[in-house]
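Just so it is clear, none of the values below were taken in a lab; they were calculated from the coordinates. Everything numeric in this text was worked out from a predicted model, so none of it was measured. Don't worry about glycine lacking a Cβ; one is built from the backbone with ideal geometry, like all the others, and counts go over all protein chains shown.
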Amino acid sequence: MKKLFRTAASGGALLALLAAPVYSQTSFRKYVALGDSLTAGVEGNCLVERHQRRSYPKLVADQLGIADFQQPLLSEVPLSTQGTGVCLGAIVAGGTITVGPVSNQGVPLNATLPRPYDNLGIPGANAADLVDLRVANPAGNTANRSAAVVLRNFPGGPFEGKSALDQANLLAPDLVTVWIGNNDVLGAALSAAAVDGVTLTPVAVFDAKYTQLMTGLRMTGRTVVALNIPDVSALAFTKTIPRVVVNPTTRQPVVVGGQTVPLLGPRPTATCATPPCPLPEGTLVTLGASSLLALGIGIPTSLGGTGAALPDGSFSPPSTLNQGVLLYPDEVASIQQRGNELNARIAAIAAANGATVLDIHALFDEMVAHGYHIGGGITLTTSFLTGGIFSADGFHASNIGYAIVATEIIEHLNDVKGTDLELPDVTQALFTPDVPFSTAAVPDPSAGPFQYSMGTWKDLVTATGFAASFEVLYPTPGKRPGKSLGR
Amino acid sequence: MTRRGRVRSTGILVSLGFFFLAAAPASPAGFSVFAQGARASGMGLAFTAVANDPSAIFYNPAGLGWQKHFSSQAGGSLLTKIDGEFEGANPFPGTGFGVEEQHKTTFFLPTFYAVVPLTSTVNFGLGIFAPYGLGFRWEDAEQFSGRFIAQNAVIQSSDINPVVSFQLSPSFALAVGADYRLSKVMLERNQPAINPFTQSIVDVAHVKLDSELVDNSGWGWNAGLLWKPTTMFSVGAAYRSGIEIDYEGEARFTQRPTGNPAFDAAVAATLPAGRENVAVTIEFPATWNFGLALSLPGELLLSLEADWTDWSVFDSLFIDFENGALPDLFRETLWKDSWAYRGGLEKRFGNFAVRAGYYFDESPQPLADVGPILADADRNAYTLGFGYETERWGVDVSDIFIDFDERDTRGEENTDRFFGTYKESANLLAISLRLSF
């Protein structure tokens, strides 16, 4: 009798143990990612299914065991086929390894999904766009054109009037990641013009919009993780091309009289009154300069160049942004300062709204300093094309880079939520060749469950030239840049 | 003349040493090998307070004090890896790689001992044995997911150990010796790189680091004492000093074509063309052995022992390329001192003896350092042995089954960031032959 009682008691204890996990959170049921092109999965200047299926939100969702994670997938088509954007990759031209077009961005494959996408990364979006962009103008700026595809909130669209924040809340997620602010700061690097209120979002504006976003997401039982903004000098886009003339054959700096020879820029310096003048120490030369350098621009005549200055970006009021390829030290400093200010706001506003912060800024600084030891004796670096972390545009991550972000997010969740989620298998990204494929047939359901037909949708996409939305990323004078490695 | 003569005799010693150079798949903890005689191996390696055959030179040279005849003993062990499996986990190498296997090499570990009585109380002994060895080689080396860390890691060593024992009283002896250690290290791995055209990892070269055969040696010393207060009871202690060896060797880089001429040309431009000089230092640890033995009624001998190894000296591994353009390899190993506990029994039937034993050997390797170069683990070992002896000769045969605890790096800090579980077991078959005059 006594024994029976003991058995029953221990059985009860066992049942209680088994039942325990139900009451403590071990995983997440519904995940939504908010952000910009880095969240969408842009790589090599385009957004295509090949990379979207390896986006960090998708990898995170896989680790959470969420099967129905929907993204605004876009097809990828051969260069011979009319596309909506250009995908860059490494190519061989003139016997050297360069970057050039390898395929075209195609058309939406998943446009009739009768609910918002779980990946709400909007290429070109800044913090304000996530709360204010309620009705996308398909003929508008990058964020508007992207939102037409990602949010489908164009006039007459299925989600007209619904911002990214609204759509996220419609999905009732218990986990939201927010990686926004990159375009509030780093856009200044792309255009090489650091202008407050134009390429740099004022702190007060960012503060208001980020607060609106985080308070709008706050909800009992929901986990919100904010990712912050990397440093401008951590990007392959700004750190690849040296400030000095490089011998294209040896890839080593040219030395004249024991000195390296700076490239030429349009600003006077202390020792040079009449431009073109040598670039001062600390100037960053963006990847956009490579095609100009190939033409001899920025190289002194004594070394066989044209002697002309590389262009610096500038702003002509009211609304003309003249794109350049140089970030002078004061411009680097103001971009870095704004980045730090916005990161401080991200930390404060996230904390005030019960969200945690994943320090991407620190992660990138660490990767620049020591590389990223991803495992198995493989150390990746932030080097352009050969480092593994950045994609062929030098600005967006590669499949491997996004796998790192996903790994960091899962680790962060395990740290702050006490979950025991398995980390992603990074070998998928490391060992799977990432080369373009052409989709033989693009699915074309004639009509979706909404009030517009697929035909209308396609017309819209072609008419608005969704393509152009991403080309802004490459502020090179030539439309299709062929970039020399190491120049 | 004198000089030439010395060189020649050193040369003979060295070549003798190389005959005995042996690699062992980490049989006892770390990369030390404590099985240096078949009699000891039958008794769970608890031999410090017994030390009653010429292998005492290794276990406790004070034991020579009671060995009154000229004798020599030759022997060897066959060390066979039974299991050596690795099952990968996320994030690297990922669950998809499945189970990977170590190469199941059998290693031969020879030993040689000679005892020469000089006076009635002073004996000279010479031992040649291999107290340290490592052989960690992975099957399918070109596919093995840890191939960028190690495909094959080898440490071979051979000690030449002359000792002198002094029997100070019928119940007490002590001994001291010099320990000359020759060693050789080798590491093979593949070199990864990002192929810019596929943005994925490819093997671009094979690297082999190999120390030269000469000049990689160091000196140390050893000592022991044995006290037999009654015929029933004995206590022993032995010490072997640490030895630091500075290896000089070379690294050879062999390019692996990837099939993309532009990429291969870029790799060739950065790859060292010839052989590159490398230097490595390994500090071998000091050891202390403490034993006691009890003679029980019925011709029964019980031996117990605790051994301490100063493994904390192995706190880092630094592979230094002479060419400053090549990155040196530095690895924090952070090993800790370790204990082993051993017990053995011997039952005599006239000239015959049957032995059995057990030991627990604690791994000095922290989980963070466990990886494809070496995945060490705590181990339990079970031994059995058999012997026959007369005044003139003796033979001992024994077997040790070594069961390694599973080592699991999942979710842990790991230097290699190489996650998964390692499972190993090994068998050691030992034989010794003694001739006395």
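Each residue in B:186, A:219, B:43 was given a count of other beta-carbon atoms within 10 angstrom of its own, and listing them fewest first yields A:219, B:186, B:43.
Sequence-ordered 3J(HN,Hα) estimates for segment B:345-350 from the Karplus curve with 6.51, -1.76 and 1.60 and θ = phi - 60° stand at 10, 10, 10, 9, 10, x Hz, glycine and proline given as x.
For the residue pairs B:228/B:336; B:336/B:423; A:417/B:336; A:162/A:417; B:184/B:423, alpha carbon separations beyond 25 Å are given by B:228/B:336; A:417/B:336; A:162/A:417; B:184/B:423. As I understand it, the dipole of the protein assembly as shown uses +1 on the Cβ of Lys and Arg and -1 on the Cβ of Asp and Glu, about the Cα centre. Which of B:78, B:380, A:369 lies farthest toward its positive end? Of the options given, the answer is B:78. Of all the options B:119, B:198, B:254, the one that moves most in a Gaussian network model of chain B with Cα springs shorter than 10 angstrom is B:198.
Exposure proxy check: B:384, A:151 ranked by fewest other beta carbons within 10 Å?
With the sparsest Cβ surroundings first, the list reads B:384, A:151.
All Cα-Cα distances of segment A:76-141, cut into 10 Å bins from zero to the largest, leave 16, 31, 33, 16, 5 percent in each bin in turn. Which of B:79, B:118, B:182 moves most in a GNM of chain B, Cα contacts under 10 Å? Residue with maximal mean-square fluctuation among B:79, B:118, B:182: B:118. Dimensions of segment B:125-275 based on its C-alpha atoms, expressed as ranges along the principal axes with the largest first, amount to 79, 31, 17 Å. Is the C-alpha gyration tensor of segment A:248-302 telling us rounded, prolate or oblate? Criteria: a/c under 1.5 is rounded; beyond that, a/b larger than b/c is prolate, otherwise oblate. Since a/c reaches 1.5 but b/c is at least a/b, the shape of segment A:248-302 is classed as oblate. Spatial offset of segment B:308-379 relative to segment B:164-182 amounts to 26 Å, using the alpha carbon center of each. Using a Gaussian network model of chain B in which every pair of alpha carbons under 10 angstrom is joined by a spring, one finds that among B:131, B:364, B:257 the greatest mean-square fluctuation is at B:257.
Ranked by how many other Cβ atoms sit within 10 Å of their own Cβ, fewest first, the residues A:255, B:235 fall in the order A:255, B:235.
Between residue A:85 and A:105, the built amide H atoms are under 5 Å apart, and every one of these is 5 or more places off in sequence or on another chain.
Along the charge dipole of the protein assembly as shown, pointing to its positive end and built from +1/-1 on Cβ of Lys, Arg, Asp and Glu, which listed residue (B:163, B:196, B:291) has its Cα farthest out? Most positive-ward Cα: B:196. Taking only the C-alpha atoms of segment B:19-436, the Rg (one decimal) and the largest Cα-Cα distance, Dmax (whole number), read 23.2, 81 Å.
Computed over segment A:58-100, the quotient of the alpha carbon radius of gyration and 2.2 N^0.38 Å is 1.81. Ordering A:204, A:147, A:61 by Cα displacement along the dipole of the protein assembly as shown toward the positive end leaves A:61 in first place; charges were set at the Cβ atoms of Lys, Arg (+1) and Asp, Glu (-1). Taken about its Cα centre, segment B:19-436 carries a charge dipole of about 1400 debye when Lys and Arg each add +1 at the Cβ and Asp and Glu each add -1 at the Cβ. Once a ≥ b ≥ c are taken as the square roots of the eigenvalues of the Cα gyration tensor of the protein assembly as shown, is the result rounded (a/c under 1.5), prolate (a/b larger than b/c) or oblate (a/b not larger than b/c)? In terms of gyration-tensor shape, prolate. With only Cα atoms counted, segment A:28-134 has Rg and Dmax values of 15.5, 52 Å.
Mind jotting down a quarter of the surface of the convex hull over the alpha carbons of segment A:122-276, in square nanometres, one decimal?
Details: hull surface 55.2 nm².
Reported value for the Cα convex hull: 13.8 nm².
Taking θ as phi - 60° and the Karplus parameters 6.51, -1.76 and 1.60, the scalar couplings of segment B:263-274 work out to 5, 4, 5, 5, 5, 4, 5, 9, 7, x, 6, x Hz in sequence order, x denoting glycine and proline. Between the amide H of residue B:393 and those of B:436, distances stay under 5 Å, these residues lying 5 or more places away or on another chain, with hydrogens modeled in the peptide plane.
Grab the DSSP H runs of chain B that are 4 residues or longer, score each as -39,500 (n - 2.57), total them, divide by all residues and round the 222 nm result to the nearest 500 deg cm²/dmol. After summing the helix terms and dividing by the residues of chain B, the value is -2500 deg cm²/dmol.
Phi angles across segment B:253-261 convert, under the Karplus curve 6.51 cos²θ - 1.76 cosθ + 1.60 with θ = phi - 60°, into 3J(HN,Hα) values of 9, 10, 6, 10, x, 9, x, 10, x Hz, Gly and Pro given as x. Please say if segment B:218-357 is rounded, prolate or oblate, where rounded means a/c under 1.5 for a ≥ b ≥ c the square roots of the C-alpha gyration tensor eigenvalues, and otherwise the choice is prolate for a/b larger than b/c and oblate otherwise? Here segment B:218-357 falls in the prolate category.
Summing Cβ point charges (Lys, Arg +1; Asp, Glu -1) relative to the Cα centre of segment A:301-437 gives a dipole of roughly 300 debye. For residue A:307, the residues 5 or more places off, or on other chains, whose built amide H falls under 5 Å of its own are A:298, A:299, A:301. Would you give the gap between the C-alpha center of segment A:200-227 and the C-alpha center of segment A:253-288, rounded to a whole Å? The two parts, judged by their Cα centres, are 41 Å apart.
Simple point charges give the picture: +1 on the Cβ of Lys and Arg, -1 on the Cβ of Asp and Glu, and for the protein assembly as shown a dipole about the Cα centre of about 500 debye.
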